[in-house]
Amino acid sequence: MATVLYMSVSLDGYISKEDDFLGGDDGNRLHEWYAPGGDPGALVGEAKDLAAELDRIGAVVTGRRTAELMDHWGGDVHNGVPIFIPSHRPPGPAARWGYPNVHYVQDGISRAMEEAVAAAGERDVYVQGGYTARKALETGVLDEIQVHLIPVLLGSGHRLFDSLPAEIELEVVKVIDTPHATHIRYRVRR
């Protein structure tokens, strides 16, 4: 079991444009690797195995902004696993009453990750969101980083690692190169 950040990122380090679109004409350029030509069945080989990892996660930790932009995925993301959102503010009405699988944790990222790890059991915890990733790295609760490096330069937007309080050493675990993305898995050195 590990806590793993999964993020698609442009070559120049952006995870979205300023307007939260992910680049391209349809606003989804950074995620095209997952469904080449709009077809998730088009993935083959190691890229298909990598995408299948998402079906084996036990919990999600995501930032509030991401969760709200996605309307909390209707309370059901990645086969109904629990969703934990570290936030200093209480959840809005939809998350509070409409989505029993969504849990706002007001005691910080460490507590949110602790609850997600407990809920995930022997499975991995899927972490997403730039701010959430930075806080998880800062507090030492992130084990691995899975970056899907997309061959595009967005030019501006929201950076994945905009600023960190210190240098963080990583160890390359695996690299998968495909025509749509280079997938790099890192282990966070402690």
Checklist outcome for this item: Given the conditions (1) surrounded by fewer than 19 Cβ atoms within 10 Å (Cβ to Cβ); (2) at pLDDT 95 or above; (3) of a type in the set (Asp, Glu), every one holds for residue 177 apart from (2)
Item to check | Residue tally, condition surrounded by fewer than 18 Cβ atoms within 10 Å (Cβ to Cβ), of a type outside the set (D, E, K, R) and part of a helix (DSSP H, G or I), over the range 101-117 | outcome: 1
Item to check | Residues located in the range 143-176, provided they are without any contact (Cβ under 8 Å) to a residue 24 or more places away in the chain and either within 14 Å of residue 23 (Cα to Cα) or part of a strand (DSSP E or B) (or both) | outcome: 171, 172, 174, 175
Item to check | Residue that is at positive phi, modelled with pLDDT under 80 and part of a helix (DSSP H, G or I), where the choices are 41, 27, 37 | outcome: 37
Next on the checklist: Could you list, ordered by first residue, the pairs with Cβ atoms under 7 Å in which the first is in the range 60-73 and among the hydroxyl-bearing types (Ser, Thr, Tyr) and the second is in a loop (DSSP other than H, G, I, E, B), at least 6 apart or interchain?
Outcome noted: 62/129; 66/129
Next on the checklist: Suppose we filter the range 19-46 for residues that are touching a residue at least 60 places away in the same chain (Cβ under 8 Å), crowded, with 16+ Cβ neighbours inside 10 Å and in contact with a strand residue (DSSP E or B) (Cβ under 6 Å, 6 or more places away or on another chain); how many remain?
Outcome noted: 2
Next on the checklist: What are the pairs with Cβ atoms under 9 angstrom where one residue, in the range 126-138, is in a loop (DSSP other than H, G, I, E, B) and the other, located anywhere, is surrounded by fewer than 23 Cβ atoms within 10 Å (Cβ to Cβ) and not aliphatic (A, V, I, L, M)? Sequence gap at least six, or different chains.
Outcome noted: 129/63; 129/64; 129/65; 129/66
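On the basis of being in contact (Cβ under 8 Å) with a residue 60 or more places away in the chain and surrounded by 12 or more Cβ atoms within 10 Å (Cβ to Cβ), does residue 50 make the cut?
Values: in contact (Cβ under 8 Å) with a residue 60 or more places away in the chain: yes; surrounded by 12 or more Cβ atoms within 10 Å (Cβ to Cβ): yes.
Against the criterion (in contact (Cβ under 8 Å) with a residue 60 or more places away in the chain and surrounded by 12 or more Cβ atoms within 10 Å (Cβ to Cβ)), residue 50 qualifies.
The values are calculated or read from the model by the stated rules, or taken from the named source; none is laboratory data. Please read all numbers here as calculations on a predicted model, not as lab measurements. Every residue, glycine as well, gets a Cβ built from its backbone with ideal geometry; the counts of neighbours run over all protein chains shown.
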